[in-house]
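Everything below concerns the one structure shown next.
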Amino acid sequence: MMVGKVVHSRYAGGRTPSEALLEARELSTKSVHSLSFSVRKGEIFGFYGLRGAGKSEAARAVMGLDRLMGGQLFLDGKPVKIPNPGQALRLGIAMVPEERLTEGLFMKLSVSDNIAVANYRNSSRFTIVNEKNTSAVAGRFARDLNIKLHSVRQRAGTLSGGNQQKVVIAKCLNARAKLLLLDEPSRGIDVGAKEEIYAIIRTLAARGVGILVFSSEYEEIAALCDRVALMVDGKIAAILKNDELNIRDVHMLIMGKGDVE
Amino acid sequence: MNRRWKFDKSNYQKLVIVGVLLLIMLALAVLSREFLTVANITNVLRQTAATIIAGCAVTMLMVSGNFDLSIGSIMAIAGTMSAIFVTWGIPNLPAILLSVLIGTLVGLINGFLVILLNVPSIIATLGTMYAVRGVAWVITGGNSISRGLGKGFTVLGRSYVGPLPLSILLTAAIFALFYFIQHRTLLGKYSYAIGGNRRTALLSGINVNLVGVVLYVLVGTLSAFAGAMMASRLGVGNANIGVGFEFDVVVAVVLGGTSLEGGEGSVFGMLVGALIVGFIANGLNLLGVHSFYQDIVKGVVLVGAVLLDRVLQARIRR
C-alpha cells in the first residue's frame, strides 16, 4: 500500500478543549448514515476514509446541500435546521469545497469580488455595494493569508492553485465563519503552498474557529487533526484522538476489518 | 499595485469595440455627406432606443447564463395593449404603466418556467414568444389600433424636451440606471457570479433562483416599455411590432462582448454593439444599399466581430 511519502509538518499538540460548537446526532442523508460527532471551538476535527467512503457527503450534509433523512444538528447547543448553504453561511458555517474550479471560485471575477461574494452584508447598503470597502477587505485578507497577487482587481483565474485556495478560505473567513469545513484542502496544490494552508488552518483554530477537515491523505489528517472520524461505507467506524492514530490500524479499519493487504 | 487591472481582458474588449464603432462612423462620414448631421444621428439613436432599453436587462440576463426569445412578442403585446387601454379611455401615462405591467407579468411567467420548473430557457421563452404574440393577434383581431388614440399617445415616442427627443433621454436614463445596477449593486454582482459559476454561487449563499426570476422580470418589464415606446413612435398599436426584435437585441449584446455561456459582458458593450448595428443599417440606407443586403451585412458583422474578438484574445494571452 502507498502510504506516507514524507510527513512535512507534524501535529503540534492539542488545544485546551472548550464547549462544543457543532454537534451532529445520527445525521443521515441518502449517502451517509447516522453520523454522530461534535467539534469544539478551536478544534480541528478530521474525517478520513477511502474515496467514496462518504467524506464529501458528510460535508454536504452539514452545509445543507443534501437533504437530511434523519438526525439533528446543534450549533452552540441549540438545534438548527440547515436547508441550504445560504442558511449555513448565515449561521457562520462555511465550506472550502473539494473542487476549487467548479465549486469554490469565480474564475472570471476579481479577487475582491470573490472574497466579498458570500458576505455583502457588511460592504453594502440598500443592496448598493461599497467597492472601497470590498477592496480594502480583500487587501487585508491578501496580507493576512499571504495571497500573492498584483491587485485585488485581478481575475481569480490568473492566480496559482495555492493562492486560489487561499482566496476561497478568505471568502469563508469574510463570511465570519466560526465553523469552517475544508474538503481536501491541499489537493492540487504544491508542497510549499500546502504548508502555508496548514499553517493558516492551525492559526484559525488557535483563534477559536472550529474546523472540519475532510481528507483522503493520511499525512494531512495526522498533521492537522485533534480528533479523527474514520469513515467506512458512509458510516463513522471510529473516532480517534491524534495520539491514538496508528497508520497500520487506521488503514486496516478503513479497508474493512481484518482485510490486510 | 493598482495599475495592471487596466489591461484586464474586459477593459481591452471594450477598447476594441469602441474602436470598431469609431472606425465605422469615420468610414460612413467619409462616404456620405448626410451621415454626420444632428438630424441623422438623432434618428439613428431613436431607432436604436428600443434595442438599448431592452438590451440593458437582456445583458444582465445573459451574463447570468440565461436567455430570452420572447422580447419581441412582449413588445408587441405591450404596444398593442397601450393603444387598447387608451381607446378604453384610460389616460396615456397609466395606459403605458399598465402595458409595462403586462410585460412584467410575462417576465414572471418566463422566470417561473425557467428557474422554478427547470424548462430550458430557449424552449420556455420560445413558447412564450409564440403564445404572447398569439395573444396580441387575438386581441387585435389582426387589425392596427390607431383610431381614437389622440395626440397624447405619441408623446412618449415623438416629443422633444428642449432640443432632445424624450425617447433618447429616457433611454439614456435607463442605460445609466442599469450601468449602475450592473456594476454597483448586489443584483449585478450576483448575476456575474451565477453566470460565472452556478455551483459556487449556490455554495456562496446566493439565492440563485430569486436572482434568476428578478432578471426575467426586468427583461419583461423593459421589453414592454420599449414596445410601448415603439407603438407611440409609430402612432399605432399593432401585433406585428417587434418581429425578430429579440435577435437585434442579442446581436447587440453579443457584439458588446457578452458571452453566451454567461459570466462576462457589460451594458456598456451592449450600447456600443447596438450603435454599431444601428449605424451600419443607417449608413447602408444613406448609401442606397437595398435592405436585403443589410441583413447580409448584419450577419457577417456579428460573426466577424466574434471571430475578431477570439483572435485578439488568443493573441494577448501570451
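A few notes on this one:
- Residue satisfying all of: in the range A:104-116; more than 7 Å from chain B (Cβ to nearest Cβ) and of a type in the set (Gly, Ala, Ser); surrounded by the fewest Cβ atoms within 10 Å (Cβ to Cβ) among these: A:Ser110
- Test: residue in the range B:176-183 that is within 11 Å of chain A (Cβ to nearest Cβ) and at pLDDT below 95: yes
- B:Val63, sole failed condition from (1) open to solvent by 40 Å² or more (accessible area, probe 1.4 Å); (2) modelled with pLDDT of 90 or more; (3) within 14 Å of chain A (Cβ to nearest Cβ): (1)
- There is at least one residue in the range B:135-151 that is in a helix (DSSP H, G or I), charged (D, E, K, R) and exposed (fewer than 13 other Cβ atoms within 10 Å of the Cβ).
- Residues within the range A:183-201 that are of a type in the set (Val, Ile, Thr) and open to solvent by 40 Å² or more (accessible area, probe 1.4 Å), tallied: 1
- Residue in the range B:29-60 that is surrounded by the fewest Cβ atoms within 10 Å (Cβ to Cβ), counting only those that are of a type outside the set (A, V, I, L, M) and assigned to a loop (DSSP other than H, G, I, E, B): B:Arg33
- Note on the range B:78-94: residues that are open to solvent by 10 Å² or more (accessible area, probe 1.4 Å), farther than 20 Å from B:Leu170 by Cα and in a helix (DSSP H, G or I) amount to 5.
- Those residues of the range A:90-103 which are part of a helix (DSSP H, G or I) and modelled with pLDDT of 90 or more, in sequence order: A:Arg90
- Selection of first residues in the range A:89-103 that are at the interface with chain B (Cβ under 8 Å from one of its Cβ atoms) and of second residues that are part of a helix (DSSP H, G or I) and open to solvent by 10 Å² or more (accessible area, probe 1.4 Å), restricted to Cβ pairs under 7 Å at least 6 apart or on distinct chains, gives the following pairs, ordered by first then second residue: A:Met95/B:Leu203; A:Pro97/A:Glu103; A:Pro97/B:Leu203; A:Thr102/B:Arg199; A:Glu103/B:Arg199; A:Glu103/B:Leu203.
- Considering the range A:149-170, the residues that are within 12 Å of another protein chain (Cβ to nearest Cβ) and open to solvent by 20 Å² or more (accessible area, probe 1.4 Å) include one that is nearest to A:Ala199 (Cα to Cα), namely A:Leu149.
- Residue check for A:Asn163: without any contact (Cβ under 8 Å) to a residue 40 or more places away in the chain and more than 15 Å from the chain's Cα centre (by Cα): yes
- The range A:75-88, subset more than 14 Å from every other protein chain (Cβ to nearest Cβ) and open to solvent by 30 Å² or more (accessible area, probe 1.4 Å), residue farthest from A:Ile239 (Cα to Cα): A:Lys81
- Matching entry among A:Ala61, A:Ala24 (being among the hydrophobic types (A, V, I, L, M, F, W, C) and either within 14 Å of another protein chain (Cβ to nearest Cβ) or not in a strand (DSSP E or B) (or both)): A:Ala61
- Within the range B:187-199, none of the residues are open to solvent by less than 10 Å² (accessible area, probe 1.4 Å) and outside any helix (DSSP H, G or I).
- Hits in the range A:175-205 - residues which are within 16 Å of A:Pro97 (Cα to Cα), touching a strand residue (DSSP E or B) at 6+ places or on another chain (Cβ under 9 Å) and touching a residue at least 40 places away in the same chain (Cβ under 8 Å): A:Ala175, A:Ala177, A:Leu179, A:Leu180, A:Leu181, A:Leu182, A:Asp183, A:Glu184, A:Pro185, A:Arg187, A:Ile201
- Selection from the range B:203-260 of residues that are open to solvent by 10 Å² or more (accessible area, probe 1.4 Å) and polar (S, T, N, Q): B:Asn207, B:Asn209, B:Thr221, B:Asn238, B:Asn240, B:Ser259
- Condition met for A:Gly42 (in contact with a Gly (Cβ under 8 Å, 6 or more places away or on another chain), outside any strand (DSSP E or B) and more than 14 Å from every other protein chain (Cβ to nearest Cβ)): yes
The values are calculated or read from the model by the stated rules, or taken from the named source; none is laboratory data. Just so you know, these numbers come straight off a predicted model, no measurement behind them. Neighbour counts run over all protein chains shown; Cβ positions are idealised from the backbone, glycine included. Accessible surface areas use protein heavy atoms only, side chains included; no ligands, DNA or RNA. Shrake-Rupley method; radii C 1.70, N 1.55, O 1.52, S 1.80 Å.
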